[in-house]
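Taken together, the values in this text are just the output of simple stated rules run on the coordinates, not laboratory data. Keep in mind that this is a model prediction, so the values were computed, not measured. Cβ placement follows ideal geometry from the backbone for every residue including glycine, while neighbour counts extend to all protein chains displayed.
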Amino acid sequence: MSLAAPSLAPAPAATVSTALVDALRGLGVTCAFGVMGGAIAPFFHAVAHSPLTTYHLRHETGAAFAAIEASLATRRPVLVFLTSGPGVTNALTGMMAARWDGAQVIFVSAATVAANRGRVATQETTAATMGGAGLYLPGGALHQAVTIEHPAQLAPTLAQLATGLARPGGFVAHVSLPIDVQSAPAPRAAARGDRQALRPAPSRALVRDHAARFAADAPVIWVGFGARHAAASIRALAARLDARVMCTPRGKGIVPEDDPRFLGVTGLAGHARVDDRLTAEPPRHTLVLGTRLGESSSFWSPTLAPRDGFVHVDVDPAAFGAAYPEVATEAVLADVELYVAALLAELGPTPAAAPSLPITPLHPARTTPRRDGPVRPQVLIDELQRTIVDGSDAWLMAESGNSFCWSTHHLRIADPLRYRVSTGFGSMGHAATGVVGAALARRGKAVALVGDGAMMMQHELHSAVQYRADALWIILNDAGYLMCRQGMQVMGWAPFHCDLPRVDFVALARAIGADGERVATELEVGPALERALAARGPWVLDVTIDPREAPPSGRRNQSLMQQGFTSSKP
């Protein structure tokens, strides 16, 4: 008896959608966040039936914030899929935040087919109907933007994405796909970028000159978020030169904050002792690594400017001289990690002596918990330091507002890859939703310190329940927009429209399928944090906060007044 050959079903033909998904996988994308809709259905089908780990969230802004933190937590590009019309516009804030925060995010959205444009199609989506430059042209939020009208455009688009992802720092792109193009036949296309190819290195002559100059007269080293992956080399450089170091809020942890050479944090919620020490002992030069020195990093304080100018290392020529145009700046177009490594090699292994400018390490006194009354933020931060920062490996985020101010000023961070704040764009709800992306991407605990106002604005708690994200929200519940209220009081105004109905976030979490605990007194904080850290799955810690405590945000108010904010009463 003969056996017939088995029938083999032909492999499905590739479409623009499947080819794009395959190529994105080749570029390092492993997960996708988004919200489906009819217009994006063919592409979403390709994503959902691919090896990509796919998370279908509740709002496009939340998907974008989650993708940003997933990208930063894993150092990989992340995909966001969007439907047409409001799906695209809802994501614009996330696009802006992704670029400001240096993430690698590729947004793929739906567009109206050519035959229906101008005919009042449902959610009509083209560059003309959606405002043009903000979403469909490079610039602003986007490094790259393209609408693929024909399968032949796929290959050059993928080449451009590969080049963009190879650049140092972040990369944000928007690829718009008309509905019919999503299902159009297309050849499989490979796109593999060389992530080292676009890292500019400093010249040997420049490094030699800087090594001689800094060995003779050590600069102050000012580090920011863009230098976080060069932390080990920067620590070695500070020790080799016996150089004082200061950091921006997003640069916390690049140099441990108990290092005797560490001056403190500059900018929003920073430390006044930085200005005091630089006034008493002004440096000749300041070596700037990984920061653009913007408002939230410096408040453009003249006290932070060195006598003879900045030596500014960056991969973006637009960074040089932008924040301090009146201060001499030597521009070094180079990757921070490559520059510091070359400088160390040129300096040689001569060990440094004990610090010649000893500085009292930042060890703020703990606030003694009281038995009665609401929780002072200082007590919460003390326990957060003990349980989360020192007692775990959790990813920690702080939301815009007082959450950010308390944590940046008081927490002592030793690892720059564990503490995240968004100070430049500063969207409320970024941390409240981003914590879900971080927890899912790193497959571990991620913690967000958030205000009640931000938590009600965006949180994706329901998505966290669906995917069992190991996310913890620590909510500063003061029944209002407290930073706004306190700012109005500083400006001499009677606060208005700052109060909110108090929310029972534990009841809200349980109604959705999560769990949590309410904390009403300071003696409850430590044990509750330990239980929250041990809990698996989404968890909220609803902390009743004392609104009378003034956060360390005075410089923000001063900056607003300098920009024209009047303090007279209405």
Cα pair distances in segment 204-347, grouped into 10 Å bins until the bin that holds the longest one, percent each: 13, 49, 35, 3
Packing-based order for 72-79, 269-276, using average beta carbon neighbours within 10 Å, highest first: 72-79, 269-276
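Nearest 5 percent is fine: what portion of the DSSP beta bridges confined to the chain is antiparallel? Numbers along the way, then the final one.
On the way: 3 of 71 bridges.
The answer is about 5 percent antiparallel.
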Of the DSSP H helices in the chain, those whose Cα atoms cover at least 20 Å axially and whose Kyte score averages -0.5 or more: 60-74
Ranked SER109, SER463, criterion: other C-beta atoms within 10 Å, fewest first: SER463, SER109
Expected 222 nm ellipticity per residue - DSSP helices of 4 or more, -39500 (n - 2.57), all of the chain, to 500: -10000 deg cm²/dmol
Formal net charge of residues neighbouring THR433 (Cβ-Cβ distance under 13 Å; K, R +1; D, E -1): -2
Most positive-pole-ward Cα, THR89, LEU333, LEU158, against dipole of the chain from beta carbon charges: LEU158
Extension gain (nm, one decimal) between ASP390 and ALA127, 0.36 nm per residue minus Cα-Cα: 89.8 nm
Rounded to 5, percent antiparallel among DSSP beta bridges of segment 377-562: 5
Additional length obtainable on full extension of the chain from ASP499 to ASP308, 0.36 nm per residue less Cα span: 63.9 nm
Answer label, with semi-axes √(5λ) of the Cα gyration tensor in Å calculated from the coordinates and candidates [x] 41, 32, 23; [y] 47, 39, 22; [z] 53, 34, 18: [x]
Magnitude of the charge dipole, the chain, Cβ model with Lys/Arg +1 and Asp/Glu -1, debye to 20: 520
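Looking at the square roots a ≥ b ≥ c of the eigenvalues of the Cα gyration tensor of segment 377-562, which shape do they give, rounded for a/c under 1.5, prolate if a/b is larger than b/c, or oblate? Intermediate values should be presented prior to the final figure.
Details: a/c = 1.61, a/b = 1.42, b/c = 1.13.
Note, shape of segment 377-562 comes out prolate.
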